Protein chains: 2
Amino acid sequence: MDFFFDPQGVAVVGATPNPLKGGNALLKNILLGYRGGIYPVNPKYPEIEGLTCYPSVSVIPGPVDLAVVFIPAPLVPAAVEDCAVKGVRGVIIESGGFAETGPEGTRLQKALADIVARTGIRLWGPNCMGLVDVVHGRIFSFMDPRAQEEKEFIPGTVSLVVQSGMLSAVFLIDIMSHAMMGVSKVCSVGNKVDVNECDILEYLLTDPDTRVIGFYLESFSDGRRFMDLCRQSDKSICVLKGGRSRKGAEATLSHTASLAGNQRIISCALRQAGVYEAWDFKQMMDFCRSLALIKPSANRSSRQVAILTFSGGAGIVSTDFVEEQGLSMAELSESTRTSLKKLFPEWMPVANPVDLWPAMESHIGADVDVYSRSLTVVLGDPEVDAVFLHIAVGTPRIRLNLSDLAVQICTSGKPVIVWIIGRRDDVYEFQKQALPYGIPVFTELSRAAECLAVVLGGGRRRHHRPGMTERMNFRRGNVFG
Amino acid sequence: MDFFFDPQGVAVVGATPNPLKGGNALLKNILLGYRGGIYPVNPKYPEIEGLTCYPSVSVIPGPVDLAVVFIPAPLVPAAVEDCAVKGVRGVIIESGGFAETGPEGTRLQKALADIVARTGIRLWGPNCMGLVDVVHGRIFSFMDPRAQEEKEFIPGTVSLVVQSGMLSAVFLIDIMSHAMMGVSKVCSVGNKVDVNECDILEYLLTDPDTRVIGFYLESFSDGRRFMDLCRQSDKSICVLKGGRSRKGAEATLSHTASLAGNQRIISCALRQAGVYEAWDFKQMMDFCRSLALIKPSANRSSRQVAILTFSGGAGIVSTDFVEEQGLSMAELSESTRTSLKKLFPEWMPVANPVDLWPAMESHIGADVDVYSRSLTVVLGDPEVDAVFLHIAVGTPRIRLNLSDLAVQICTSGKPVIVWIIGRRDDVYEFQKQALPYGIPVFTELSRAAECLAVVLGGGRRRHHRPGMTERMNFRRGNVFG
């Protein structure tokens, strides 16, 4: 699989100078970051984007490990044959028009499978957006080149494997521009004629740039192998499965020609394999980034949470979420109580959630960083396993020093997650600054609590949606459609 | 209650020229928008912010309907007595230091209750942030005056009643600056020594500027009356109840001296009274703004949803959400299928979710607005009750004309909600532009589906969190602590 991710020589079959077309975006993206030989292939042009253009892959003079193909579906099998002649090891087929479109497309896809069986060439796709390696700047995808031109990518340790092309491209830009998280590799797998999620998972499990793997899947090509790989993994894995409902499952068929399988059995198998299950896209990203920033706890009893807040109301609702997520509110130790008492006004009882507002109110004008000092005290408490910190930005009376916070977290070794509210620009600025410090920041209280439960989960419990069945026996056998 | 919202003459007890103090923010806020007589009260100063300052309320020459009080708790009872002497009708006490702080505070709060009983003066608070009327610019609160100075407020038809001061102020700025929704009135009720959520609800039910009412409550002062008012209401009401869990309920006591009550019984009573229950703050706002923009359907059978998407994957996951929310995917009628067929490529089956990407792909360069034309067709289908529209902004190949969309929605009379992804600035720009058109826009797919279920709910079903019990008998009697 290495030739897909780090190829020696790339051919771009269907390259074009027309900037409205995907074949142009594809070439531009590769030119912007890939450092090996790049060979546009299109019989209509002698040259594209300043590079010599070849009529076919087999006539390219240099070595070509990888061909990325974006031409009409009926022309694809011949192009792949030609790649095999050249000795190309992997082909990413980004064209649509295969099994997702009906009998003729199914026939074409079958022809591709036959070439794989005959030649041993590896095929990725068709009907996909290829792969994006943010860390090394290798973009083998027809996504909008503006993202790379304008340096919008944020390298990180989360890799994504998605069975939806549009979503991989537009979503990637969404999460990057919202300073949500950094990403390592994004692999769009499409119809999975040959290379499937298991092949990619196996590769990513040994990839030094990947710490957490998130999947959006509409089907499992080999459920047994997938679960076995997950079970062996010491990296965190999170899955969002599309087509859980009857109508949703029907829709997978016309999208990526996938049979969705029985959701309840899949959920149960995922849980048994230690996989986190998500039910929405940004939630999956939130789970992944939390797991990338905070190593999940292996100790099931380390689930005592302290809440530091500027708002009594937010403290109460967070307490509800902490308890509903199966975590516990820490009983603060005697010495913690004594230390906090010194910051608090006389009348105020020390309790968890720790409401800092009255303490800040009573220190107005004095140079006392109530947030930082309370955090030190609470992080030092042996009864506290993790801190859920609430911050309001842009309010002159509520100050929080982010680098001080980061130092404290590093020193304590305990997970700290942040919920933030305030003016849009202030919130964004804080999120952007928190990203390199590795502090997970959330704008929705319940999501912050969900993610805290994920990193404190230890046993990687499944997270339930409303209406989902809690328990289900898992019958062995291939049940993944 | 009218004298709280539209008073003739306002005294500001505890006004100060010190810009770090709440008493200064309070006066500035009132000066910025209130058009009647304003009287700072503080024996230390002859003048504040250019206004004559009085040593006490009773010596103010002009008429004073309302006094807003922000002085240390021990001084409050005497100040209220003085207000009664003057003939003030309502007093908003924003100072803390009452029942939430222990025995001495409880004694002070009792003294306030005695004054109410003796004089008939109405007391709002204590331990609250007063009230904000965005539509009329009357801000009787010590929240950051910058919001009003910089014209960050967006008038709307949602009123909020919250039992958490900090949250009302900072949250208000958060939702406004994120162009989330417009707001009519925000009422922070605090310890509810006299005026409680029922009094305010009763007022808001006849308020012409309020269409939807959202509550954050830690206790019900009179559960029976609250439910009765909700049952009679033709406005939509949504409640987020803090202190659902055991530890959360304990925390309400030290925050607003509230007894939280039994959550399961409260949930059931709310549902029976036709109230929407939320479990997170922004979710409550999302429910409220959806209900403000789309009149909830009274017809329980009008729950057929069409999904228009640019992404097969998002279409599938949305289908899952639609089904899990108890809605149905519409079966498109024959004429709809025929019309869509003309836009789609030859091979593509017409199905719901309607994946527009292949159609857009096949019309590249041609002047065909695939989104708009598909929307027209789908909105015209008698089988379709509502449309769930997915938009990716900032992608040159995906265009959507917002004003055309708005015209189509108005003409059809059917609810349309939008899910959006893309670059942060593009997303925000779209949200901001969609707000005056009254089109609800969401960035989280599951939240969009939740809100669609709310507006299509008809019977105002309760929305469940994971782990909540579905059914519960409601025993009559006052069970609200």
In whole Hz, with x marking every Gly and Pro, tabulate ³J(HN,Hα) for region A:108-117 from phi via Karplus 6.51 cos²θ - 1.76 cosθ + 1.60, θ = phi - 60°.
4, 5, 4, 4, 5, 4, 5, 5, 4, 4
May I ask you to report, in nm to one decimal and beginning with the shortest, the distances from B:SER372 to the same position in the other copies, taking label points 7 Å along Cα-to-Cβ?
5.6
5 Å is the cut-off here: which amide hydrogens, built 1.01 Å from N in the peptide plane, fall below it relative to A:PHE442, excluding neighbours closer than 5 in sequence?
A:VAL418, A:TRP419, A:ILE420
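For the protein assembly as shown, state the semi-axes of the equivalent ellipsoid (square roots of 5 times the eigenvalues of the alpha-carbon gyration tensor), sorted largest first and rounded to whole angstrom.
Numbers: eigenvalues 597, 172, 133 Å².
Rounded to whole Å, the semi-axes are 55, 29, 26.
Using a cut-off of 15 Å between beta-carbons, work out the net charge of the residues near B:ASP209 (Lys and Arg +1, Asp and Glu -1, B:ASP209 not included). List each step's numbers first, then the result.
Details: positive: B:ARG138, B:LYS185, B:ARG211, B:LYS235; negative: B:ASP2, B:ASP6, B:ASP133, B:ASP207.
In short, 0.
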May I ask for log10 I(q)/I(0) of region B:153-268 at q = 0.16 Å⁻¹, from a Debye sum over the Cα atoms as equal point scatterers with solvent left out?
-0.76
Taking a 27 Å limit on the Cα-Cα distance, which of the listed pairs A:LYS282/B:LYS247; A:LYS110/B:LYS342; A:LYS235/A:LYS432; B:LYS192/B:LYS295; A:LYS432/B:LYS282 fall beyond it?
A:LYS282/B:LYS247; A:LYS110/B:LYS342; B:LYS192/B:LYS295
Long-range amide H contacts for B:ARG138: which residues qualify at under 5 Å (H placed 1.01 Å from N, peptide plane, sequence gap of 5 or more or a different chain)?
B:ASP133
So how tilted is helix A:445-455 from the main axis of chain A? Cα-based, degrees 0 to 90, rounded to 10.
80
Charge dipole of region A:313-457 built from unit charges on the beta carbon (Lys, Arg +1; Asp, Glu -1), centred at mean Cα; most positive-end Cα among A:ALA453, A:ALA366, A:PRO345 is A:ALA366
Relative contact order as a percentage, region A:290-406, C-alpha pairs under 8 Å and 6+ apart, gives 35
Long-range amide H partners of B:VAL162, meaning residues 5 or more apart or on another chain whose placed amide H is closer than 5 Å, are B:CYS187, B:SER188, B:VAL189, B:TYR216
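Against the 2.2 N^0.38 Å scaling, with N counting residues, where does region B:1-90 land? I'd like the Cα-based Rg ratio to two decimal places.
Working it through for region B:1-90, the quotient is 0.97.
Let me have the 222 nm mean residue ellipticity of chain B computed from DSSP H runs of 4+ only, each contributing -39500 (n - 2.57), with the sum over all residues rounded to the nearest 500. Mind dumping the intermediate values first?
Values: 18 runs with 190 residues, N = 481.
The per-residue figure over chain B is -12000 deg cm²/dmol.
For chain B, what is the relative contact order in percent, using Cα pairs closer than 8 Å and at least 6 residues apart in sequence?
Details: 997 pairs, mean separation 56.8, N = 481.
Computed value for chain B: 12 percent relative contact order.
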From the P(r) of region B:2-292, can you give the percent of Cα pairs sitting at distances over 26 Å?
41
How large is ³J(HN,Hα) for each residue in region B:275-290, as worked out from phi by the Karplus curve 6.51 cos²θ - 1.76 cosθ + 1.60 (θ = phi - 60°), to whole Hz, x for Gly and Pro?
9, 7, 9, 10, 10, 9, 5, 5, 4, 4, 4, 5, 4, 4, 5, 5
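Rounded to the nearest 20 debye, what is the charge dipole size of the protein assembly as shown about its Cα centre when +1 sits on each Lys and Arg Cβ and -1 on each Asp and Glu Cβ?
The calculation lands at about 1840 debye.
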Which angle between 0 and 90 degrees, to the nearest 10, do you get for helix B:22-33 versus the longest principal axis of chain B when only C-alpha atoms count?
60
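With charges only on Cβ, +1 for K and R and -1 for D and E, what is the dipole size of region B:295-456 about its Cα centre, in debye, rounded to 20?
Working: 14 positive and 19 negative charges, 65 e Å.
Approximately 320 debye in magnitude.
Rounded if a/c is under 1.5, else prolate if a/b beats b/c, else oblate: with a ≥ b ≥ c from the C-alpha gyration tensor eigenvalues square-rooted, which is region A:296-455? Present the calculation step by step, with values, prior to reporting the outcome.
On the way: a/c = 1.43, a/b = 1.06, b/c = 1.35.
It comes out rounded by the Cα gyration axes.
Using only the Cα atoms of region B:234-346, build the gyration tensor, take square roots of its eigenvalues as a ≥ b ≥ c, and label the shape rounded, prolate or oblate: rounded if a/c is under 1.5, else prolate if a/b is larger than b/c, else oblate.
Numbers: a/c = 3.36, a/b = 2.53, b/c = 1.33.
It is prolate, given that a/c is not under 1.5 and a/b is the larger ratio.
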Would you kindly work out, in nm and rounded to one decimal, the distances from the label point of A:LEU32 to those of the same position in each other copy, ordered shortest first, with label points 7 Å along Cα-to-Cβ?
4.1
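What is the local net charge at B:LEU375, summed over the other residues whose Cβ is closer than 12 Å to its Cβ (Lys, Arg +1; Asp, Glu -1)? Don't skip to the end; give the middle numbers.
Details: positive: B:ARG373, B:LYS414; negative: B:ASP369, B:ASP381, B:ASP404.
Result for the neighbourhood of B:LEU375: -1.
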Cβ-vector label at 7 Å, A:GLU150, separations to other copies in nm
2.3
Within 10 Å of the Cβ of an average residue in B:172-181, the count of other chain Cβ atoms is 4
Radius 14 Å from Cβ of B:PRO19, net charge of other residues (Lys, Arg +1; Asp, Glu -1)
+1
Put +1 on the Cβ of each Lys and Arg and -1 on the Cβ of each Asp and Glu in chain A; which of A:SER159, A:ASN42, A:GLY102 then has its Cα farthest toward the positive end of the dipole?
A:GLY102
Could you let me know the centre-to-centre spacing of region B:339-405 and region B:86-160, using Cα atoms, in angstrom?
51
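Explain nothing, just the number: dipole magnitude of chain B about its Cα centre with +1 on each Lys and Arg Cβ and -1 on each Asp and Glu Cβ, in debye rounded to the nearest 20. Let's see the in-between values first.
On the way: 49 positive and 51 negative charges, 214 e Å.
Here the size comes out at about 1020 debye.
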Among DSSP beta bridges lying fully in region A:2-292, give the percent that are antiparallel, nearest 5.
20
Using alpha carbon centers only, region B:1-47 is separated from region A:185-256 by a whole-angstrom value of 61
Diffing region B:178-183: the Karplus 3J(HN,Hα) column from phi (6.51, -1.76, 1.60, θ = phi - 60°), in whole Hz with x for Gly and Pro, holds 8, 6, 6, 6, x, 9
Three-way shape call for region A:375-453 based on the alpha-carbon gyration tensor, with the a/c threshold at 1.5:
prolate
Report, to the nearest 10°, how far helix A:246-256 tilts away from the longest principal axis of the Cα atoms in chain A, using its own Cα long axis and a range of 0 to 90°.
50
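Each reported figure results from applying straightforward, stated rules to the coordinates on display, with no laboratory input. Keep in mind the model is a prediction, meaning the values are calculated, not measured. With ideal geometry, Cβ positions are generated from the backbone for all residues, glycine too; neighbour counts draw on all protein chains shown.
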